[in-house]
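Presented below is the structure to which this report refers.
The values are calculated or read from the model by the stated rules, or taken from the named source; none is laboratory data. Here the structure is a predicted model, which is why all the values come from computation and not from measurement. Here Cβ is always computed from backbone atoms with ideal geometry, including for glycine, and neighbour counts include all displayed protein chains. Surface areas here come from the heavy atoms of the whole protein model, side chains and all, with no ligands, DNA or RNA. Shrake-Rupley method; radii C 1.70, N 1.55, O 1.52, S 1.80 Å.
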Amino acid sequence: MGSKVVDLLYWKDTRTSGVVFTGLMVSLLCLLHFSIVSVAAHVALLLLCSTISLRVYRKVLQAVHRGDGANPFQAYLNVDLTLTREQTEHLSQQIASHVVSMATQLRHFFLVEDLVDSLKLALLFYILTFVGAVFNGLTLLILGVMALFTVPLLYRQHQAQIDQYVGLVTNQLSHIKAKIRAKIPGTGALASAAAAVSGSKAKAE
């Protein structure tokens, strides 16, 4: 599944990526002007009209003895969608793992386990208040879809230059973060204690 998404974003199959990108953009642009209920109803109606028309067409061909009248979607109807017990358990474990991981991250940020991380999140939300005043969520979603289908392709074409600049920015941010941690009382001591505990565990093992 992951490899298919990557191929889609990197435009390995131009036709498939173009269809998906166009479909997403048309749907999101429609949502800018119409309610989600109206858009969903029209899309479902269009899909049903297409499938019913094709089914009736096959029946007409059968009536004039130019076809067997078989359902053109029979191959999809024969696909077994049931999950085995092992698949269900694996899926449940994955969902539970993601939920626990998310809860742990939220606890880490909002209960201030690391002061610097919580301050960075607060700064992010503060910036988002200004972004929200300019763009609504749907506009940001449209920009996000456009970025998903363009940034990976641009990165592949200019990977060396981008990696160089990203490395420089990362080093600068790490330097600034280290300075902030050094100036916050108790943060350096906590980090040293955590490193000492980790070292002790490693020696014991």
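Before moving on, here are some points about what is shown:
- Residue satisfying condition, being closer than 25 Å to T22 by Cα, loosely packed, with under 11 Cβ neighbours inside 10 Å and not β-branched (V, I, T), within set Q157, Q161: Q157
- Restricting region 120-154 to residues that are touching a residue at least 12 places away in the same chain (Cβ under 8 Å) and aliphatic (A, V, I, L, M), the residue that is farthest from G18 (Cα to Cα): L121
- Filtering region 126-154 to residues that are of a type outside the set (A, V, I, L, M), closer than 21 Å to V5 by Cβ and open to solvent by less than 60 Å² (accessible area, probe 1.4 Å) leaves G144, F149, P152.
- Near pairs, Cβ below 7 angstrom, 6+ apart or cross-chain, from region 32-53 (closer than 25 Å to T139 by Cβ) to any residue that is of a type outside the set (A, V, I, L, M, F, W, C) and at pLDDT below 95: V39/S27
- Of all residues in region 73-114, those satisfying the criterion of being farther than 30 Å from S53 by Cα and of a type in the set (S, T, Y) are T84, T88, S92, S97, S101, T104.
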